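Undergrad: Mind looking over this structure? Questions follow.
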Amino acid sequence: MKSFNLLAVSLIALVLALLLPLLALGTSALGVVVFVLLLGVSFLAAYRDERRRTWLSALIAVAAAVAYPFVFSSTQATTIVFFALLYVAIASSWNIIGGFTGYISLGHAAFFGLGAYTIALVADRLNLPGGYGLFAVALLGGVVAGIFAVPMGFIALRLRTIHSFVIVTIAYLFMYQLLGYNLQGITNGSSGLGVPQPNWSGAFFNTPFYFAALALAVLTVALAYWIRHSRFGLGLLAIRDDEDKAAGVGVDTWKHKFAAYVISAVPVGIAGALYAYFSSYIYPQTVFDPMIDLTIVLSAFLGGMGTLLGPILGAMILQPAQQLLTYYTGAAGWDLVLFGVLFLVVILLMPSGIVPTVVERMRRVRVLEAVRKADETEGVEPNTAAGGGAR
Amino acid sequence: MSAVLAVEGVRKRFGGLEALSGCSFSVEEGSITSLIGPNGSGKTTLFNAVTGFVTPDEGEVHLRGEPIQRLTPDRIYARGLGRTFQQVRVFARLSVLENVLVATSRSSVAQGLLQRTKQSERDRAMELLRYVNIARLADVPAGSLSFGQKKLLEIATILVGEPKILLLDEPAGGVNPTMTGQIGEKIRELNGQGITFLVVEHNMEFVMGISHRVVVMARGKVIAEGSPDEVRKDPKVLEAYLGA
């Protein structure tokens, strides 16, 4: 087991190393790597029980993210991290239903698209100009996604099996895509919709978007953190481990899942709206895109489902990698190859993801120590239960 | 003594199989009642019907005179009826302490979103873990406990909600004799504190040792009830077990 995990870590390091020659082509790209490493390391350090260290590390990470566009101001550098932050928000939000309860939604791109179309349609119908005001409309995208999530969650969670939930959510994504193509009076079909652009000058253009995405990412992670440590969150985790048992000890499982589903739709909707605004034009196939769901799920898998850090780490690794690959190899689809390989590596060697693997290692050492100490003071026979580790 | 739990004419059909065919009996306040019967006689289905995991096709279940057969499991739990499962079940990836905290009295989802577990609840949970002798494993993931420790954790978990009635599905199943004795001891002790018990168990020695009353089921019906001695002598019971 131990050597296998080491192998997994080294394989991931290898994948990243393969990316490095590509990165070396530009200092801005190097900046991305430094940034990602800094974030990753500080978040990993944060994953301890000690509160103060957690807050300190989170603060360092946020400070690094704030400083980043001033240090690496090229459009390319900020664009890559803009997308990475967007996916940090999306994956962390998805994690509230997918990771905490284990109900894997493969249709969260539906909310992404709903947010995107909301901002495009509202700006169009109300004749809003591009500018800071549209960021407020992006928030509306989240509200709309949340409202749509109510009937969607109601239907998807009717049957109490995860399998049916997964299938229904996939169906949602394609239903919305079809509607996007066919409700031509509203969506303009496959010709897509434009979003009015602000008249910010070239070098400055990315900055407001970058900080909007950063704010969204920070708030979403804070939301996930809050939920994880609330009574509600404990109920969600209980559902993941054993839904019947959870119901048997008083968790209103249906309401818990439903609330988690609706909550998790909101940040994804906002992210979709920010994406639409940033990319200026949307089509059904770009915002109701199965690739979005794949990216979310792979980010969460890679980092570790159900942990707070996992989706952040996963998104911070995957998104820049995908962006850079697409940037340097064109639309040849090498990013899909990377996704495929990573999926296999994660499932084969680290099925629980990076964060749980690392944490489990640290925790095992600490718990064994604590149990041994307790045994010594109580004078109990040494107990091997903690080390049994049937996982 | 009055009936705290009453099952009246409960029927449940799964496809072509009638698992419960008009099952009636009652559990008296403050008693330890055991439910026995051959495999497939409907004991677990009855447990599920009483605790809301299965909705009866017909019949009623009354808790202190109020019908509960349409309520969901979490509501029934909130009314003071707790249960354990036949196969030992814990929240494997939560710590032992968190396992117990899941079961602390719950408010609405909205309140749950705003609240964290209180220190007093943590203290109470730790107290219960000490009561079942697994306090030192509080931070260990529950999945890595031994089978017996998981059983003890289940008991601590169910106790934290301060149930008035506990339904235990095979508390002594798969446990060594020493541990069986300990579990029987705890049941008697808790019964002394006023908790009513309904226990499904195959271990006859265990059943006869702790029960005030025994209810015998066969083929989805109650075929006999009474004190352990009465039931032991009942020819219908022997017939059901030996399959005359």
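Undergrad: What are the residues in region B:159-170 that are more than 7 Å from every other protein chain (Cβ to nearest Cβ) and closer than 26 Å to A:Arg240 by Cβ, if any?
TA: Initially, region B:159-170 is screened for residues more than 7 Å from every other protein chain (Cβ to nearest Cβ), giving B:159-160, B:162-170.
Within region B:159-170, B:Leu159, B:Val160, B:Glu162, B:Pro163, B:Leu166, B:Leu167, B:Leu168, B:Asp169, B:Glu170 meet the criteria.
Undergrad: Moving on to the next point. Only one residue in A:Val287, A:Val262 is within 14 Å of chain B (Cβ to nearest Cβ), out of contact with any strand residue (DSSP E or B) (no Cβ under 7 Å at 6 or more places or on another chain), touching a residue at least 12 places away in the same chain (Cβ under 8 Å) and farther than 30 Å from B:Ile165 by Cα, so which one is that?
TA: Going through A:Val287, A:Val262 in turn, just one is within 14 Å of chain B (Cβ to nearest Cβ), out of contact with any strand residue (DSSP E or B) (no Cβ under 7 Å at 6 or more places or on another chain), touching a residue at least 12 places away in the same chain (Cβ under 8 Å) and farther than 30 Å from B:Ile165 by Cα: A:Val262.
Undergrad: Tell me which of these B:Arg64 doesn't satisfy, since it passes every other one: (1) surrounded by fewer than 19 Cβ atoms within 10 Å (Cβ to Cβ); (2) farther than 14 Å from B:Val199 by Cα; (3) within 14 Å of another protein chain (Cβ to nearest Cβ); (4) touching a residue at least 60 places away in the same chain (Cβ under 8 Å).
TA: (3)
Undergrad: Which condition number in (1) within 26 Å of B:Phe14 (Cα to Cα); (2) modelled with pLDDT under 85; (3) buried (at least 17 other Cβ atoms within 10 Å of the Cβ) is the one that B:Asp169 fails?
TA: Just one mismatch for B:Asp169, condition (2).
Condition check ((1) on the phi > 0 side of the Ramachandran plot; (2) in contact with an Asp or Glu (Cβ under 6 Å, 6 or more places away or on another chain); (3) part of a strand (DSSP E or B); (4) acidic (Asp, Glu)) across all residues:
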{"position": "B:Gly40", "(1), (2), (3), (4)": "yes, no, no, no"}
{"position": "B:Asn48", "(1), (2), (3), (4)": "no, no, no, no"}
{"position": "B:Thr55", "(1), (2), (3), (4)": "no, no, no, no"}
{"position": "B:Val61", "(1), (2), (3), (4)": "no, no, yes, no"}
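Undergrad: Then there's this: If you check A:Val355, A:Val297, A:Val345, which single one turns out to be at pLDDT below 85 and either surrounded by fewer than 23 Cβ atoms within 10 Å (Cβ to Cβ) or within 28 Å of A:Tyr117 (Cα to Cα) (or both)? Explain how you work it out, then say what you get.
TA: Details: A:Val355 fails: either surrounded by fewer than 23 Cβ atoms within 10 Å (Cβ to Cβ) or within 28 Å of A:Tyr117 (Cα to Cα) (or both); A:Val297 fails: at pLDDT below 85.
Answer to the check: A:Val345.
Undergrad: When you check B:Leu35 against the structure, is it over 29 Å from A:Lys255 (Cα atoms), more than 9 Å from chain A (Cβ to nearest Cβ) and without any contact (Cβ under 8 Å) to a residue 12 or more places away in the chain, yes or no?
TA: Working: over 29 Å from A:Lys255 (Cα atoms): yes; more than 9 Å from chain A (Cβ to nearest Cβ): yes; without any contact (Cβ under 8 Å) to a residue 12 or more places away in the chain: no.
Answer is no for this residue.
Undergrad: With the checklist (1) touching a residue at least 24 places away in the same chain (Cβ under 8 Å); (2) assigned to a helix (DSSP H, G or I) in hand, flag the one item B:Ala172 doesn't pass.
TA: Result: B:Ala172 passes all but (2).
Undergrad: Continuing with this model, one more query. Based on what the data block shows, is B:Thr104 more than 7 Å from chain A (Cβ to nearest Cβ), under 24 Å from A:Arg228 (Cβ atoms), buried (at least 17 other Cβ atoms within 10 Å of the Cβ) and not aliphatic (A, V, I, L, M)? Working first, answer last.
TA: On the way: more than 7 Å from chain A (Cβ to nearest Cβ): yes; under 24 Å from A:Arg228 (Cβ atoms): yes; buried (at least 17 other Cβ atoms within 10 Å of the Cβ): yes; not aliphatic (A, V, I, L, M): yes.
The answer is yes for B:Thr104.
Undergrad: How many residues does region A:228-240 contain that are facing chain B (nearest Cβ under 7 Å) and in contact (Cβ under 8 Å) with a residue 60 or more places away in the chain?
TA: The number of residues fulfilling the criteria is 1.
Undergrad: Mind listing just one residue for me: the one in region B:114-133 that is surrounded by fewer than 19 Cβ atoms within 10 Å (Cβ to Cβ) and among the hydrophobic types (A, V, I, L, M, F, W, C) and, of those, nearest to the other protein chains (Cβ to nearest Cβ)?
TA: Out of the qualifying residues, it is B:Leu114.
Undergrad: Test of understanding: among A:Ile239, A:Ile186, A:Ile263, A:Ile227, which residue is touching a Lys or Arg at 6+ places or on another chain (Cβ under 7 Å), over 30 Å from A:Gly340 (Cβ atoms) and assigned to a helix (DSSP H, G or I)?
TA: Values: A:Ile186 fails: touching a Lys or Arg at 6+ places or on another chain (Cβ under 7 Å); A:Ile263 fails: touching a Lys or Arg at 6+ places or on another chain (Cβ under 7 Å); A:Ile227 fails: touching a Lys or Arg at 6+ places or on another chain (Cβ under 7 Å).
Among A:Ile239, A:Ile186, A:Ile263, A:Ile227, only A:Ile239 is touching a Lys or Arg at 6+ places or on another chain (Cβ under 7 Å), over 30 Å from A:Gly340 (Cβ atoms) and assigned to a helix (DSSP H, G or I).
Undergrad: How many residues does region B:89-101 hold that are assigned to a helix (DSSP H, G or I) and at the interface with another protein chain (Cβ under 9 Å from one of its Cβ atoms)?
TA: From region B:89-101, those assigned to a helix (DSSP H, G or I) are B:96-101; that's our starting set.
Those still in the list that are at the interface with another protein chain (Cβ under 9 Å from one of its Cβ atoms) too: B:98-99, B:101.
Result for region B:89-101: 3.
Undergrad: How many residues does region B:134-158 contain that are more than 9 Å from chain A (Cβ to nearest Cβ), small (Gly, Ala, Ser) and either surrounded by 24 or more Cβ atoms within 10 Å (Cβ to Cβ) or in a helix (DSSP H, G or I) (or both)?
TA: Total satisfying the criteria: 2.
Undergrad: Inside region A:247-259, can you point out the residues that are among the hydrophobic types (A, V, I, L, M, F, W, C) and within 7 Å of another protein chain (Cβ to nearest Cβ)? Steps first, answer last, please.
TA: Taking region A:247-259 first, the residues among the hydrophobic types (A, V, I, L, M, F, W, C) are A:247, A:249, A:251, A:254, A:258-259.
A:Ala247, A:Val249, A:Val251, A:Ala259, listed by residue number.
Undergrad: Which pairs turn up if I take residues in region A:159-183 that are more than 15 Å from A:Phe111 (Cβ to Cβ) and look for partners that are among the small types (Gly, Ala, Ser) and part of a helix (DSSP H, G or I) with beta carbon separation below 9 Å, at least 6 apart in sequence or on another chain?
TA: If the second residue must be among the small types (Gly, Ala, Ser) and part of a helix (DSSP H, G or I), the pairs left are A:Ser164/A:Ala156; A:Phe165/A:Ala156; A:Tyr181/A:Gly189; A:Tyr181/A:Ser190; A:Asn182/A:Gly189; A:Leu183/A:Gly189.
Undergrad: Right, next: Return the total of residues in region B:69-88 being within 16 Å of the chain's Cα centre (by Cα) and away from chain A (no Cβ under 11 Å).
TA: Matching residues across region B:69-88 total 1.
The values are calculated or read from the model by the stated rules, or taken from the named source; none is laboratory data. Everything numeric in this text was worked out from a predicted model, so none of it was measured. FYI the Cβ positions are ideal-geometry reconstructions off the backbone, even for glycines, and counts take in every protein chain you see.
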